[in-house]
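Chemist: One structure, as C-alpha cells, below. Some questions next.
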Amino acid sequence: MQIDEDLWANRQYEVLVRFIHHLAYYRTLFQAYTDLQIKSQFWKYTIDAHILRAIIDWCMVFGTDSNELHWKKVAADESTQSAFRNYLLTATGLSLEQWIECRSNMMEFRNRYAAHSDIPYPPTPVMDQALRVVTSYDDWFRNNVDAVFDEPSLQERYDRVIRTSAKPLNHAVSLGPTVEQEYGGQ
C-alpha cells in the first residue's frame, strides 16, 4: 500500500478536525436554537455558517478528485484506493450507490449553496453519513500506517465536543440576541 502519511498528518487531519468541530457546533447550536424557540438573525446565520464550513471541509477531502487534499492523494495508488473504498463501504454500511449519492449531495450543497447560492437551495445533506465517512477514514488510516499518531480519533473528538459544548452553547443561545433586540421591533 502506498499511503502519504505526511499529507494526512500535516494537512488533511486538520481539515477533518475542523469538519468535526463545525458539525458538532452546528448540531449543538441548532438543537439549542430549536429547543429555546428563539428567533435571532445572529444565531440563524451563526448556525448556518457552521454547517457551510463543515460541508466545505468535508468536500476538500472527499469531493473533487483533483482537490489538493483529496483522500486519493493519501491513498496514492489504485490498490490502496480500492482497499479504502471497500473498507469505507463496509465500515459505514453504505452501498456503493449510497456512497455516490452521499458524495454527490455534499458536493451539490457546496457548489449550489455554500459557493454560489443558487436558487432553489439544495436540501442539507445527511450529515450522519458524512460523519461516518470521516470517522471511518480516520480509522482506516490509523489501522494502515506504521507511525504512531498521538492525536485522538476523530470520533473521540466529535463526542467530546458534543459533550463539552452543549451546556455553554445552550446558555449562549439563551442570551440572545433576539430579532426584537437586533432590529428594535422593526
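Chemist: Any idea which of T178, V161, I100 is furthest toward the positive side of the dipole for the chain, if Lys and Arg beta-carbons carry +1 and Asp and Glu beta-carbons -1?
Modeler: The one lying farthest along the dipole's positive direction is T178.
Chemist: For L175 and E97, calculate 0.36 nm times their separation in residues minus their Cα-Cα distance, and state this gained length in nm to one decimal.
Modeler: 23.7 nm
Chemist: Now for a different question. What FRET efficiency do you get for E182 and D35 if R0 is 25 Å and r is their Cβ-Cβ distance, rounded to the nearest 0.05?
Modeler: 0.80
Chemist: Compute and list, largest first, the equivalent-ellipsoid semi-axes of the chain from the alpha carbon gyration tensor, each √(5λ) rounded to a whole angstrom.
Modeler: Output for the chain: semi-axes of 34, 19, 13 Å.
Chemist: Same structure again: For the chain, what are the DSSP H helices with axial Cα length of 18 Å or more and mean Kyte-Doolittle hydropathy of at least -0.5?
Modeler: The qualifying helices are 13-36, 41-62, 78-92, 96-109.
Chemist: Another one. Amide H to amide H, which residues 5 or more places from A75 or on other chains are under 5 Å from it, using H placed in the peptide plane?
Modeler: D4
Chemist: Can I ask one more? With springs connecting C-alpha atoms under 10 Å apart, model the chain as a Gaussian network and identify which of V145, V133, V74 has the largest mean-square fluctuation.
Modeler: V145
Chemist: Would you kindly derive the ³J(HN,Hα) couplings of region 66-73 from the backbone phi angles with the Karplus curve 6.51 cos²θ - 1.76 cosθ + 1.60 (θ = phi - 60°), listing them in order in whole Hz, with x for Gly and Pro?
Modeler: 7, 4, 4, 9, 4, 4, 5, 6
Chemist: May I pose another question? Once the other residues with Cβ under 13 Å from the Cβ of E182 are scored (Lys, Arg +1; Asp, Glu -1), what is the net sum?
Modeler: Taking every Cβ under 13 Å from that of E182, the sum is +1.
Chemist: Please list, by residue number, every one of the GluC sites (Glu not before Pro) in region 77-177 that is coil in DSSP and has at most 13 other beta-carbon atoms within 10 Å.
Modeler: Hits after loop and neighbour filter: nothing returned.
Chemist: How about K39: which aspartates and glutamates have a C-alpha closer than 15 Å to its C-alpha, ignoring those fewer than 8 places off in the same chain?
Modeler: D48, E180, E182
Chemist: A further question on this structure: If you average the sequence gap of Cα pairs under 8 Å that are 6 or more apart and divide by the length of the chain, what percent do you get for the contact order? Can you show the working numbers first?
Modeler: On the way: 186 pairs, mean separation 64.6, N = 186.
Dividing the mean separation by the residue count of the chain yields 35 percent.
Chemist: Can you compute the helix-only [θ] at 222 nm over the chain? Use -39500 (n - 2.57) per DSSP H run of at least 4 residues, normalise by all residues, nearest 500 deg cm²/dmol.
Modeler: Per the formula, -21500 deg cm²/dmol.
All of the numbers you see were taken from the coordinates with simple rules; none came from a lab. This is a predicted model, so every value here is computed, not measured. All Cβ positions, even for glycine, are placed from backbone atoms using ideal geometry, and neighbour counts span all protein chains on display.
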